[in-house]
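Quick notes on the structure that follows.
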Amino acid sequence: MSDENRTPCQLYLISPLEVGGDFPERLARALDAGPVAAFQFRIKGVDEHEAVRLAEPLQAICAARDVAFIVNDSISLAKRLGADGVHLGQDDGDVKDARERLGRDVQIGVTCHASRHLAMEAGEAGADYVAFGAFFPTTTKDTEHRAELDTLTWWQGIFELPCVAIGGITPDNCRPLVEAGADFLAVSSAVWSGDEAEAVRAFAKAMA
């Protein structure tokens, strides 16, 4: 695919694990600071009832700004919320099951680590996007897999399915990922560990 036909790389925000308290206000600030394509709701260790309670105000903030609301890991939570999408790790269920339960219009993403094979399998199963990473050391989660820039370029050259780069991405190191062919940059701590609005503006400038 030629560069002229490619949509510019976009920001994909991932929530911190703590999304109570003043987090809804922080999310609104971040989304108002610059273009964000999607927000992933990622929490651990709470039951679905509590997850719904935490998710609903965030989902409304995203809906008001036309930002896709993606649920991490849980097909059942995505269905219950009527989310725009679900992001599946390698152990979180399969794409075909998610498609059957969530319908045709829901975005399904799959973590593919550094594996071209897993990405091709996800595409064949009907995923809407694949995520490669980690590209840099990250504090958000333990990383066993380190992806290389040429994986993005290879994917972009062969497949039309969008690819997401994830893992330790900051405004200072993101430019090579954009140039290598990432359609989206998935970021978490680089935004939430400081001034979220300033960080989103810095990403927008670095990605342009």
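According to the square roots a ≥ b ≥ c of the eigenvalues of the Cα gyration tensor, what is the shape class of the chain, taking rounded for a/c under 1.5, prolate for a/b larger than b/c otherwise, and oblate for the remainder?
On the way: a/c = 1.55, a/b = 1.11, b/c = 1.40.
It comes out oblate by the Cα gyration axes.
Percent of Cα-Cα pairs more than 12 Å apart in the range 1-57, please. Present the calculation step by step, with values, prior to reporting the outcome.
Values: 1152 of 1596 pairs.
Percent of Cα pairs beyond 12 Å in the range 1-57: 72.
Where does each of 74-85, 183-194, 96-107 land if you order them by average Cβ count within 10 Å, highest first?
So the order, starting with the most tightly packed, is 183-194, 74-85, 96-107.
For a paramagnetic label modelled at 7 Å from the Cα of Lys44 toward its Cβ, which residues of the range 118-135 fall within the zone defined by backbone nitrogen distances under 16 Å?
134
Between Arg6 and Ala204, how many nm apart are label points set 7 Å from Cα along the C-beta direction?
The modelled label-to-label distance comes out at 2.2 nm.
Taking 0.36 nm per intervening residue step and subtracting the Cα-Cα distance, what contour gain separates Glu148 from Ser189 on full extension? Walk me through the numbers on the way to the answer.
On the way: separation 41, 0.36 × 41 = 14.76 nm, distance 2.08 nm.
Between Glu148 and Ser189, full extension yields an extra 12.7 nm.
Here, each number is a calculation from the coordinates, and none is a lab measurement. Since we're looking at a predicted model, the values are computed, not measured. FYI the Cβ positions are ideal-geometry reconstructions off the backbone, even for glycines, and counts take in every protein chain you see.
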